1. Assess whether residue B:217 counts as being buried (at least 17 other Cβ atoms within 10 Å of the Cβ), of a type outside the set (Gly, Ala, Ser), over 24 Å from residue B:115 (Cα atoms) and out of contact with any Cys (no Cβ under 8 Å at 6 or more places or on another chain).
2. In the range A:28-40, is there at least one residue being surrounded by fewer than 21 Cβ atoms within 10 Å (Cβ to Cβ) and under 18 Å from residue A:171 (Cα atoms)?
3. Exactly one condition in (1) over 30 Å from residue B:115 (Cβ atoms); (2) within 11 Å of another protein chain (Cβ to nearest Cβ); (3) in a strand (DSSP E or B) is false for residue A:237; which is it?
4. Output the residue which, of all residues in the range B:234-255 that are outside any helix (DSSP H, G or I) and within 20 Å of the chain's Cα centre (by Cα), is nearest to the other protein chains (Cβ to nearest Cβ).
5. Looking at (1) within 14 Å of chain B (Cβ to nearest Cβ); (2) closer than 25 Å to residue A:185 by Cα; (3) surrounded by fewer than 17 Cβ atoms within 10 Å (Cβ to Cβ), which one does residue A:12 not meet, given that it meets all the others?
6. Would you mind telling me which numbered condition in (1) under 22 Å from residue A:166 (Cβ atoms); (2) under 18 Å from the mean Cα position of the chain (by Cα); (3) away from every other protein chain (no Cβ under 14 Å) residue A:95 fails?
7. Would you please name the residue that is modelled with the highest pLDDT, looking only at residues in the range B:106-122 that are surrounded by 11 or more Cβ atoms within 10 Å (Cβ to Cβ) and part of a loop (DSSP other than H, G, I, E, B)?
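The values are calculated or read from the model by the stated rules, or taken from the named source; none is laboratory data. Please read all numbers here as calculations on a predicted model, not as lab measurements. With ideal geometry, Cβ positions are generated from the backbone for all residues, glycine too; neighbour counts draw on all protein chains shown.
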Amino acid sequence: MARKSFREAINDALRLEMRRDPRVIIMGEDVAGGMGAAGEQDAWGGVLGVTKGLISEFGSERVRDTPISESAFIGAAVGAAATGLRPVAELMFIDFVGVCLDQILNQAAKLRYMFGGKATVPLVIRTMYGAGLRAASQHSQSLYPIFTHIPGLKVVIPSSPYEAKGLLIRAIRDDDPVIFCEHKMLYDETEEVPDEAYSIPFGEANFTREGEDVTIVAIGRMVKFANEAADRLATRDVACSVIDPRTASPLDEETILDSVKETGRLVVVDEASPRCNLATDIVALVATKAFSALKAPVSIVAPPHTPVPFSPTLEDAYVPNAARIEAAALAVMG
Amino acid sequence: MMADGIRAVTVPKWGLSMTEGTVVAWYANVGAQVKAGDDLVEIETPKITNLYESPASGVLRRCVGKAGETLPVGALLAVLADEEVPDAEIDAFIAQFARDFVPAMAESGAETVRPQTTEIGGRRIRYLKMGEAESIPVVLVHGFGGDLNSWLFTQPALAQEHSVYAIDLPGHGGSSKQVDRGDPAFLASAAFELMTALGLGSAHLVGHSLGGATVFELALSHPEHAKSLTLIAPLGFGPEINMQYVEGFMRASRPRQLRPFIEQLFANPALVGRKMLDDIISYKRLDGAVEALNTIAGTIFKDGRQVVELVTRLADLAVPLQIIWGESDRIIPASHANGLPESVLVYRVPGAGHMVHMEKAEEVNELIETFLHGLNEQ
């Protein structure tokens, strides 16, 4: 066991699964380092270095640079998955999903259902999401609610290095298409991560804090902020439970409902645009199934309904933070 | 600067992951005379709550850490001094300590010991070494589903006078998860191979529960390598076993499901911290871990009873033996230590469950230290 970054934890998961199963391959833009052309191998290891070192161990047959055409390589990955490989395709930014959505929405997500279970699509699409990198409106979105909306897809949003490794291994071993959403501001976070392979089940939420006054549900990078808020609130005698659902689909409804029944108060934090996001979904769940347990109106901490701004000042104001979560929790405490 | 006769009591470091502790309650009042070894303060960590005994003697002049306060490892908890030391000197000492104190950053401390792994016969074995003494080494072997971290209170204490090796059995912790038939004889052979690889020669063997049966087997098959045996709530001394615990431990996939079962390991369930549960769940998620536990459980338990029988082989054992049992053990009843031959030293520790070496660490450490001292003098 050693301290590993989020980036290293993901690299670790890919490496271990590629060693374990020869059907696992990687494909995407710059994952090997040369945009499909002759050039220095492993120059980049992906735009943020996540796949670095894999081509030297597994070769260019299994670590495939693709042309800059998501329509083509995501489609190819769906086909490869349907015909016996277990591809891990990298959609560099989640914002690029527009040009390959049909391959995901109408092909990957539907094949198993439409062929009566006789076809499977063991595909993982790793993709980078989220604001904070001054990357402007087309490279900063948190579009995971779009995938969560589509039956037939599993949607994973890891919150830490330990979580990322175990959830990615689980994703690669899953026989259904999984959208694996990595927040770009988490890559340098570090924590203790086992060297061995391990898998974390889907649909099992994790309590990162336990308390009886307020339930805070947060996912991805927001878990870190929710923990900071909970730690500050603890010094003011407000005990928070922080629940990280880990997977937006399947969603661990039971853990969220049980916790709200204990606390009677709910704050949901979501970095996605506020209309039809994960927070509205969870709030609707609680309103329909645990309304009588609520002691106060529920609260949502989310960005405004605008594109992610490029101006650093505006971007900082846009992204939910610990102070806003703390204020929301104090407000529901009354 | 250390004033004459003033002794700082600081937050202890229990186990590899501890970075801070929360003061739960003081067991002595300011002004009281305390002796080294007296119960001084209860400290809660994310993993476990434990009583801290005074490391020195003197009058308790100040409790710097207040109940409910969370302090980093090494921070000032209390000040002991003789009666005649003026208050002004105590205050100056506290102020100086506060100015000089730098909390050790996680991972940066040069003195942080870390577990090592070694490959033996294609198998990876993880172990943790503490202490550099030249005397006969001590080997600590954990129980079913445990790992070397279960000795967090035992190992530092014994390391004062011995080199102490806590090992992860095959199937456990950071060791390989292949366990063959999963019986104590196989586990003993793996432990023996590690001892040989480390060049330990003869050692004092200490084993808990399944680890007790393991070191017993080791001492039977390699008597020249066992200087003594300390068995803590060992397997193999009677048929009863709490299968509800075993099955619950195996089944639980989340910390909250696991809690009621882990609480059965202690007489006082309030000691169990969230991190203890998280660590077990993390272990169970490792590839092959649950399969290894299933293999072992299938070998050592049949129809709700223990299969391993050691008590009938006591006569074959050629080394000094002591047995320590928590009186309130809810996993393997302490009555299994009844009716043993007089040559076996048996100690029952009140107010402790199956994890007696964690729950009443100071008492167990003292029993082991006294036992080893006695052997050295012979």
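1. yes
2. No, the range A:28-40 contains no residue that is surrounded by fewer than 21 Cβ atoms within 10 Å (Cβ to Cβ) and under 18 Å from residue A:171 (Cα atoms).
3. If we test residue A:237 against (1) over 30 Å from residue B:115 (Cβ atoms); (2) within 11 Å of another protein chain (Cβ to nearest Cβ); (3) in a strand (DSSP E or B), just (3) comes out false.
4. Looking at residues that are outside any helix (DSSP H, G or I) and within 20 Å of the chain's Cα centre (by Cα), I get B:235.
5. Result: residue A:12 fails condition (3) only.
6. Against the list (1) under 22 Å from residue A:166 (Cβ atoms); (2) under 18 Å from the mean Cα position of the chain (by Cα); (3) away from every other protein chain (no Cβ under 14 Å), residue A:95 comes up short only on (1).
7. Checking each candidate, the answer is B:115.
Here's the yes/no breakdown for (1) at pLDDT below 95; (2) crowded, with 20+ Cβ neighbours inside 10 Å; (3) within 30 Å of residue A:91 (Cα to Cα):
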position	(1), (2), (3)
A:183	no, yes, yes
A:200	no, yes, yes
A:207	no, no, yes
A:218	no, yes, yes
A:225	no, yes, yes
A:229	no, yes, no
A:252	no, yes, yes
